[in-house]
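Please read the structure below before turning to the comments.
The values are calculated or read from the model by the stated rules, or taken from the named source; none is laboratory data. Computed from a predicted structure; not experimentally measured. With ideal geometry, Cβ positions are generated from the backbone for all residues, glycine too; neighbour counts draw on all protein chains shown. When the accessible area is computed, the model is the full protein with side chains, heavy atoms only, and any ligands, DNA or RNA have been set aside. Shrake-Rupley method; radii C 1.70, N 1.55, O 1.52, S 1.80 Å.
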Amino acid sequence: MSTDLNLPGPESGFIATFGTGEPHTLFGHGFAGAIRDTRPFGTGITGTRHFLHLPGHGGRPSPRPGWTYPQIAEVLADAVSITSASRALGVSMSAGGLLHLLSIAHPVTRGLDKVALVLPASFTGFPAEVAAANRSYLERLRRLVDDEDIDGIVELMLSREPAEVAAMLPARAWTKAKAENLVHTDMSDGLGLALEIAVADTDEAAENLRSFAGEVLILTHEDDLAHPVSVAEDIHRAIPSSRLEVLPAGSILWRGRHEVRRILGEFFG
């Protein structure tokens, strides 16, 4: 049995659980992330908090190369069902997975009354310049991963962050850990996800998003090339009842944690 709750194993469905009682909230991380990254989002949130490791992360095997958002969505759906969650928070990749579930009106979404989408990276498509930038970035990243150039990966990843964030020692250490995982685990199977869209651009998907009965919070920050504000704005328009919060650059992971906790605390109650 695993003893580190930040690294749960197959015996727990790769889910670490903290707290007791109702309500139950599921937390999903972003690409190259981990339970350790999502636990701060649960600070101050009442009830039982469940933190999931997605495939290819935290020792959970990758399904195969070429990850898709529907694939991620099904893993999240299973976790919602297993934990009896009535609320969910997804960061980046997990935000896309939750969006996909809402867009297909997956049965598990009927039991969700609150959904928080943090740093959503994908929706129904990308502007041409964003798509081109993503392709260029991925080509460079794949070469560095193939060469096992961890320092090069770190510099490339940090080049997408505001200069003040890139200079922070905790941010550099966190990025180096991500780079090492890309080189030494099967996480690299999911590198192409940045080019995938989370939601089909159809009338049915649009109607399902409009019709979702629960509350939706969209939380992002400025000047993040990996998580464009325009994506969050598009999602907000697609879910007119949603609440959109755009914080200053670098806020969500590094420089505005107090404000992030306040917003999430107000939303989840």
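A few comments on the model shown:
- Note on segment 1-133: Cα Rg divided by 2.2 N^0.38 Å, N the number of residues, gives 1.02.
- Unit charges at the beta carbon, dipole of the chain: most positive-side option, L182, L195, A16: A16
- Summarising the amide proton neighbourhood of F31: residues at separation of 5 or more, or on other chains, whose placed amide H is nearer than 5 Å comprise M93, S94.
- Secondary structure note: in the chain, about 15% of the DSSP beta bridges are antiparallel.
- For H221, distant residues with modelled amide H under 5 Å away: L247
- Portion, in percent, of the accessible area of the chain that falls on carbon or sulfur, probe 1.4 Å: 52 percent
- Rg ratio (alpha-carbon, reference 2.2 N^0.38 Å) - segment 73-188: 1.27
- Proximity of backbone amide H atoms, modeled 1.01 Å from N, is registered between L244 and I218 at under 5 Å, excluding neighbours fewer than 5 places apart on the same chain.
- The phi-based Karplus calculation (6.51 cos²θ - 1.76 cosθ + 1.60; θ = phi - 60°) puts the 3J(HN,Hα) values of segment 210-215 at 5, 8, 4, 7, x, 8 Hz, whole numbers, x for Gly and Pro.
- Neighbourhood net charge (12 Å Cβ-Cβ; Lys/Arg +1, Asp/Glu -1) for E164: -1
- Cα gyration tensor, segment 124-269 - rounded (a/c under 1.5), prolate or oblate: oblate
- As a calculated quantity, the FRET efficiency between E204 and F18 at R0 = 45 Å, using C-beta atoms, amounts to about 0.75.
- Between the listed residues I218, V229, W254, the Cα displaced farthest toward the positive end of the dipole of segment 188-269, a dipole computed from Cβ unit charges relative to the Cα centre, is found at W254.
- J(HN,Hα) series, segment 174-188, from Karplus relation 6.51 cos²θ - 1.76 cosθ + 1.60, nearest Hz, glycine and proline x: 5, 5, 5, 4, 5, 4, 5, 5, 4, 7, 9, 10, 7, 4, 5
- Accessible area expressed per residue, the chain, with surrounding protein chains retained (probe 1.4 Å, Å²): 44 Å²
- 3J(HN,Hα) couplings calculated from phi for segment 219-229 with the Karplus curve 6.51 cos²θ - 1.76 cosθ + 1.60 (θ = phi - 60°) are, in sequence order, 10, 8, 9, 7, 6, 10, 5, 7, 9, x, 4 Hz; Gly and Pro show x.
- Projected area averaged over orientations for the chain, convex hull of C-alpha atoms, nm²: 13.1 nm²
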